[in-house]
Amino acid sequence: MKKLKGIIAKIKDVEGRIDSLPTTEAVQKMISEALEKNRVGQNFSEVYESKIVNIKEEVIRLSNLGFDCQLIGNGEWLMRKKIMGQI
């Protein structure tokens, strides 16, 4: 009987801890507020890594690494990948 009372007390303690946890909505609101505050406090802009290549194999290699490709003429391609400013 003593063990049963101890188990019941532990269950009530765990239930109390669970009830004090923030809800999903509260966590989402906190994250949104933090992100918005961070954007307002900074000069928030997008930053890209850019490369100009003229070898097709290099275009393929960089595109496999997530770079976007744009033909800029004379067998040259602009390869760009966003490295900052994405959420």
Give the stretch 62-83 a look and list any residue that's more than 17 Å from Val47 (Cα to Cα), open to solvent by less than 90 Å² (accessible area, probe 1.4 Å) and part of a loop (DSSP other than H, G, I, E, B), or say none. Gly75
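Going by the conditions given, is Lys37 assigned to a helix (DSSP H, G or I) and modelled with pLDDT under 85?
Answer is yes for this residue.
The values are calculated or read from the model by the stated rules, or taken from the named source; none is laboratory data. Owing to the predicted nature of the structure, the values given are computational and were not obtained by experimental measurement. Each accessible area value is taken on the protein alone, full model and side chains, heavy atoms only, with ligands, DNA and RNA left out. Shrake-Rupley method; radii C 1.70, N 1.55, O 1.52, S 1.80 Å.
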